[in-house]
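In what follows, a structure is listed as C-alpha cells, so that the remarks can point back to it.
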Amino acid sequence: MIMIAGGLGIILLSGILALALERYPRTADSIFRWGVPAGCLAAIWPAVSLLVTGALPSRPTAGEVFGLDALSAWFTVMVLGVGAVTAVYGVRYLERERSKRRVGTAHLLLSILIVAITGVVTAERVVAFLASWELMAIAAFLLIIFEREHAEARRAGLIYLVVTHVSTIALIGMFAAWGPGLPGGGFQELAIAAVNHRVPVALVLGLGLIGFGVKAGVVPAHFWLPGAHAAAPSHVSAFLSGVMIKTGIYGLLRVLSLLGPPPAWWAWTILLLGLASAVLGVLWALAQHDIKRLLAYHSVENIGIILLGIGLGTLGQAYHHPALALLGFTGAVLHTLNHSLFKSLLFLGAGAVVHATGTREIDRLGGLARLMPRTAWAFLIGSAAIVGLPPLNGFVSEWMIFRGLFETGGTTGVLRTASAAACGLALTGALALACFTKLHGVLFLGTPRHTATVAPGAEQGLINPQLALAAACILIGVLPILVIPAAAQAASAVLHDSGGIGEVVAGASVTSAISVAALALLALIAIVWRLRARVAYVDRAALGPTWGCAFSQVTSRMQYTASSYAGNLLMVFGPLAGTHRVVGPGTLHVHAADPVLDRLGRPVWSWVQGAASNMRRLQTGRIFWYLLYVIFALVGFLLYLWFVTAP
Amino acid sequence: MIAFPVFPIFTLLIVLGLAPVLPGIANRTKSALTGRRGAPVLQLYSDLGKLWRKGVVYSRTTTVLFRLAPVVLLATSLLAGGLLPLDGRVALLSFPGDLVAFAGLLGLGRFFLVLAAMDTGSSFEGMGASREVTFASFAEPALFLCFTVLVLATGQLQLAGMFGVPLAAAWPVAAPSLVLAAAGLFIVTLAETCRVPVDDPLTHLELTMIHEVMILDHSGPDLALILYASSVKMALFGSLIVGVLAPRAHEQRVLAFGELILGLGLVAIAIGVVESIMARLRMNRVPHLLVAASALAGLALILLLR
C-alpha cells in the first residue's frame with residue numbers, strides 16, 4: 001500500500017507543480033510529463049506483482065481504508081497504465097492552448113482524476129469509496145467544462161453533473177439499504193451482512209444497477225456520455241471514455257463479490273441491458289458525423305459487450321455453472337482492459353486529427369493518411385481492434401464472450417436461450433465494422449474534402465503514446481496468455497472461487513491456439529506479400545488517376561461521405577437510430593438526435609421543472625407560513641413517533 | 001496430436017487448388033440452363049494466370065493500404081480454410097469457439113477490402129463499400145444464428161468437433177432444424193460470394209454492382225489475388241453447407257473427402273440454378289432476403305430450444 005500511496009503522491013505533486021509553475025511552462029511541462037508516468041509506474045507495481053504471483057492477501061484486511069485484491073489490482077493497472085499515457089499526450093496536446101487559458105489546471109485536474117479513480121477501485125470502506133467517487137465526479141466535471149467558452153461544453157457539463165449525482169444518490173441509497181447500523185462501514189462487514197441474509201437483495205441490486213449503470217453509460221442512461229466525452233480535451237476524453245466509465249463496471253463487480261450470487265432475474269436483466277446497449281450504441285455511433293461523439297457512442301456499445309460478459313457470469317452463478325460464470329466474468333474484465341486500450345488509442349488519434357486540422361466534422365476531412373501516416377496506421381489498428389478482428393485484443397475478449405454464449409447452449413433449461421444473444425453480438429460486430437470503415441475511410445483515405453491545412457510534422461509529439469497503445473493491442477491479441485491468467489484471477493475474486501482458475505489455465509492450450517492462429521495469419525500475410533512482390537510484376541506498376549468510370553471531371557466532393565456511407569444502413573434501421581435525413585440539391589445530411597435524450601430526457605426534465613415551479617408556491621415569503629410549516633413538521637414527527645412506538 | 005497433420009494439409013491444398021473451378025461450374029450451369037454455350041469451366045484459371053503476368057496501375061490517390069488489402073484478403077481466406085474440417089473430422093487448426101475466429105478472419109478480409117475501396121476516393125467504390133458493409137451487417141447475424149443452431153444441435157464448440165459424428169447423431173433428432181440452418185447458410189453463401197439474387201457478378205453497370213464496383217481500381221496480380229480469394233470463399237461456405245447436410249462420420253477419410261469435393265460441385269450447381277431462375281433483387285430488398293435467412297435460422301433455434 002505504501003508504494004501505491006507514494007506513487008499517487010507523486011502524481012498529485014506533479015499536477016500541483018504543473019499548475020504552480022505555470023509561469024515557467026517548460027519546467028512545468030517536463031515535471032508533469034515525467035512525474036505522472038513515474039508515479040503511475042511506482043503505484044502500478046504492487047498491483048502487477050499481485051496479479052502475476054497470484055498471492056492474494058486475505059481480503060479485506062481489517063481496519064484498512066484502502067486495499068488490493070485481484071479485482072482492484074486489475075482495475076488499478078488499467079487506470080494507471082492508460083492514465084500515464086494520456087497524461088504524457090496531454091502535455092503536448094495542450095501546449096498550444098497555453099496562450100488562451102491556464103493549462104496547468106487541466107493537468108492538475110487530470111492527476112486528481114487519476115488518483116480519485118485509483119481510490120474508487122481500491123477503497124475498502126463505504127465512506128472512502130463514496131468520497132473517491134465524488135472527487136472523481138467533480139474532477140471529471142471540471143475537465144469537461146475546460147473549454148467553457150463553448151456553450152456546447154457548458155451544456156454537456158451540466159447534464160453530466162446532474163446525472164452523476166443521480167448515480168451518487170443511488171449509491172448512497174444502496175449502501176444505506178445494505179448495511180444500516182454497520183459501525184465501521186467496511187466492505188468486509190457488508191459481505192458478512194450478506195452472508196447472514198440481512199440484506200434486501202432486490203433493493204440493493206436495483207439501486208446498484210442504477211448507480212453504476214448510469215456511470216457506465218448503459219442504455220437508456222447513456223445520454224450524458226457522448227456530449228460530455230466529446231466536449232473535454234481529447235486526451236481527457238480518452239481517459240473518461242477508456243477508464244472513468246469502467247468504474248461503473250468495477251462497482252457492479254465489487255457489489256457482486258460482496259453480495260454473493262445474484263438472483264436469476266437480475267442476471268437476465270444485465271444480459272438484456274448489455275444486448276440493448278451494444279446494438280443501440282453502435283447504431284447511434286453510425287449516425288454521428290463528429291469524430292469524438294462517434295467514438296463516445298462506441299463506448300456505449302462496448303459497455304454493452306462488457307455487460308454481456310457480466311450477464312453470462314451472473315447467469316452462471318444463478319444457475320450453478322461455475323465454468324460459465326468464470327468464462328463470463330473473465331471475458332468481461334478482459335474486455336474492460338481491452339476497451340480502455342483501443343478506445344484511448346482512438347481518442348488520442350482523433351485528438352491528433354483535431355489538433356492538426358481544427359475540426360471534428362468527419363465530412364470536412366479526408367486523405368489525412370498522406371499527411372499523418374503514422375497516426376493513420378495507429379488508428380487503423382485501433383479500429384480493427386474495436387471491431388473485434390483477429391489478430392488484435394478486441395477479438396480475444398469478444399471470442400471469450402461468444403464462447404460463453406455458445407457454452408450456454410450445452411446446458412439445460414431456460415439458460416439455453418441465452419445462446420441466441422450471439423446473434424446480437426454478431427450484429428454489433430458487423431455494424432461496428434461498417435462504422436469504423438466509415439470513420440477511417442473518410443478521415444484518412446481518399447482526397448481531402450475541404451482544404452484543411454495540416455502543417456508538416458503535425459503528429460510529432462502526439463504519436464508515441466498512440467504507438468504504445470497500439471503495441472499493447474497487438475501484444476494482447478497475439479499473446480493473450482500474457483493477460484488471461486490475471487483476468488481469470490480478477491474474475492475469480494468476484495466469484496470467491498479460485499477452483500476454476502485451474503480450468504482456465506488448463507485452457508491455456510486454447511489461448512495458445514489463438515496465438516498460433518494469429519501468428520499464422522501474420523506469417524501468411526508476409527508470405528503472400530513477398531510472393532506478390534517477387535513473382536508478379538508489381539514493380540512494373542504505373543501510376544494514374546483513380547478510374548472515374550469514363551467520367552473525367554472528378555472532384556473530391558464526389559467522394560462518399562460519412563453521411564452517404566452510413567445512409568444505406570440508417571435507412572433500414574431509421575426509426576431505431578433516431579436519425580433523419582435532409583436531402584437537398586447536391587447535399588445529404590443525416591441529423592443524429594439521441595432518442596433517449598430528446599424523446600425521454602427533455603420531456604421528463606421539463607416536467608421536473610414544472611413541478612419545481614409549482615413547489616415555489618410554498619415559498620410565500622411571509623414569516624407566518626414558515627412558522628406554520630415548522631409546527632406542521634413537528635406535529636408530523638410526533639404522530640410518526642406515536643405510531644411507531646404504540647404497541 | 002504432435003504428429004504432422006499431413007492429411008489436413010493435403011485436403012486443404014486440394015480444396016484451395018480446386019476452388020477456381022466452382023465459379024466456373026456455377027457459370028456453366030447458368031449458361032446451360034439459359035441455352036448458351038458459356039465459358040469453359042476452367043476459365044478462371046486462365047484469367048488468374050493472365051492477370052498474374054500483367055503489370056499494375058495504381059491510382060495516385062491510394063496508399064500502401066490499397067496494395068496490402070488483396071494480400072490480407074487472401075491470407076484470411078486461406079487461414080479460415082485451415083479451421084474447417086474438410087474430411088468431416090479433423091481440421092488443421094481447431095480450438096473451442098473457432099467458429100468465431102472463422103467469422104472474424106472473413107471480417108478482417110472484408111475490413112481491408114472495404115478500406116481499399118475507400119482509399120481510391122472514387123464515388124463508385126465508396127458506393128460499393130457502403131453496400132458491402134450494409135449487406136454484411138445482415139449476413140453476419142444470420143451466419144452466427146446458423147452457428148448457434150449447430151452448437152445447440154451437437155453440443156460442440158469447435159468446427160472440427162461438430163461435423164462428423166456429433167452432427168450425424170444429431171440428424172435423427174433435429175433434422176428440421178438442420179435443414180433450416182442449411183437453407184440459411186445457403187442464403188448467406190449467396191450474399192458472401194456475391195451471386196444472384198444479392199449481387200450479379202456479370203453485370204456491366206457500375207451503379208448496380210456491389211463487390212465488383214469495390215475492386216474497380218485493382219488490376220493485375222492484385223485483382224488476381226482478389227478473384228482467387230473470392231473463389232476460395234465460395235469453397236469455404238460450400239464446405240460448411242456440405243458439412244451440415246452430409247455429415248461424414250464413419251467413412252474412410254479419403255472417401256469422406258471425396259464426398260466433400262462432390263458436394264462442393266453440387267453447391268456450385270445449385271448456385272448456378274438459383275442464378276438462372278431468379279433475377280437479382282432490388283438493392284433495398286436485399287436486406288429482406290438476408291433477414292429471411294436469419295428468420296430461418298432463428299426458427300431452427302426455436303425448434304431446438306423447445
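Bear in mind these aren't lab numbers, they're just calculated from the coordinates by the rules spelled out. Just so it is clear, the model here is predicted, and its values are computed rather than measured. No Cβ is skipped: glycine too gets one built from the backbone with ideal geometry, and neighbour counts run over all protein chains shown.
With a 10 Å cut-off around each Cβ of B:151-163, the average count of Cβ atoms from other chains is 3.
Subtracting the Cα-Cα distance of A:V414 and A:M571 from 0.36 nm times their residue separation leaves 53.0 nm of extension gain. Here r is the Cβ-Cβ distance between A:S552 and B:V64 and R0 is 25 Å; the resulting FRET efficiency, rounded to 0.05, is 0.40.
If you take the beta carbon distance between B:F4 and B:R53 as r and set R0 to 25 Å, what does 1/(1 + (r/R0)^6) give as a FRET efficiency, to the nearest 0.05?
Result of the calculation: an efficiency of 0.15.
For the stretch A:595-645, a/c is not less than 1.5, where a ≥ b ≥ c are the root eigenvalues of the C-alpha gyration tensor, and a/b does not top b/c. That puts it in the oblate class.
Expressed as an acute angle from 0 to 90° and rounded to the nearest 10, what is the orientation of the C-alpha long axis of helix A:484-495 relative to the principal long axis of chain A? Roughly 20 degrees, rounded to the nearest 10. The residues neighbouring A:V218, those whose beta-carbon lies less than 15 Å from its own, together hold a net charge of 0 under the Lys/Arg +1, Asp/Glu -1 convention. With contributions of -39500 (n - 2.57) from each DSSP H run of at least four residues, the per-residue ellipticity at 222 nm computed over chain A stands at -24000 deg cm²/dmol. Each label point was placed 7 Å from the Cα along the Cα-to-Cβ direction; for A:L13 and A:Q619 their separation is 4.7 nm.
Distance from the Cα centroid of the stretch B:250-306 to that of the stretch A:209-281 is 40 Å (rounded to whole angstrom). Measuring nothing but alpha carbons in the protein assembly as shown and taking Rh as the Kirkwood radius, the Rg to Rh ratio lands at 0.99. Relative to the longest principal Cα axis of chain A, at what angle does helix A:393-408 sit, 0 to 90 degrees, rounded to 10? For A:393-408 against chain A, the angle is about 60 degrees. Neighbouring Cβ atoms from other chains, within 10 Å of the Cβ of residues in A:526-537, number 5 on average.
To the nearest ten degrees, helix A:508-535 and the longest principal axis of the Cα atoms of chain A are 20 degrees apart. With a cut-off of 9 Å between beta carbons, the residues surrounding A:G461 carry a summed charge of -1, where Lys and Arg count +1 and Asp and Glu -1.
If you wrap the stretch A:274-419's Cα atoms in a convex hull and average its projection over all directions, what's the area in nm²?
If I average the Cα hull's projected area over directions, I get 8.7 nm².
With the simple model of a label 7 Å out from the Cα in the direction of the Cβ, A:M3 to A:R198 spans 3.8 nm.
Computed on the Cα trace of the stretch B:26-139, the radius of gyration divided by the Kirkwood hydrodynamic radius gives Rg/Rh = 1.04. Judged by the mean number of other Cβ atoms found within 10 Å, the most tightly packed of the peptides B:250-257, B:5-12, B:86-93, B:288-295 leads the ranking B:86-93, B:288-295, B:5-12, B:250-257. When +1 charges are put on Lys and Arg Cβ atoms and -1 charges on Asp and Glu Cβ atoms, the dipole computed for the protein assembly as shown relative to its Cα centre reaches about 1520 debye. Distance between the pseudo-spin-label points of A:T587 and A:W265 (7 Å out from Cα toward the beta carbon): 5.2 nm.
Relative to the present Cα-Cα distance, how much length would full extension add between A:R602 and A:I481 at 0.36 nm per residue of separation?
Taking A:R602 through A:I481 to full extension adds about 38.8 nm, to one decimal.
Would you mind classifying the stretch A:91-155 by shape? Square roots of the alpha carbon gyration tensor eigenvalues, ordered a ≥ b ≥ c; an a/c under 1.5 is rounded, otherwise it is prolate if a/b is larger than b/c and oblate if not. Judged from the Cα gyration tensor, the stretch A:91-155 comes out oblate (a/c at least 1.5, b/c at or above a/b). Taking every DSSP helix (H) stretch of at least 4 residues in chain B, weighting each as -39,500 (n - 2.57) and dividing the sum by the residue count yields a mean residue ellipticity at 222 nm of -24000 deg cm²/dmol. Charges were assigned to the Cβ only: +1 to each Lys and Arg, -1 to each Asp and Glu. The resulting dipole of the stretch A:337-480 about its Cα centre is roughly 160 debye. Here r is the Cβ-Cβ distance between A:L522 and A:W34 and R0 is 41 Å; the resulting FRET efficiency, rounded to 0.05, is 0.75.
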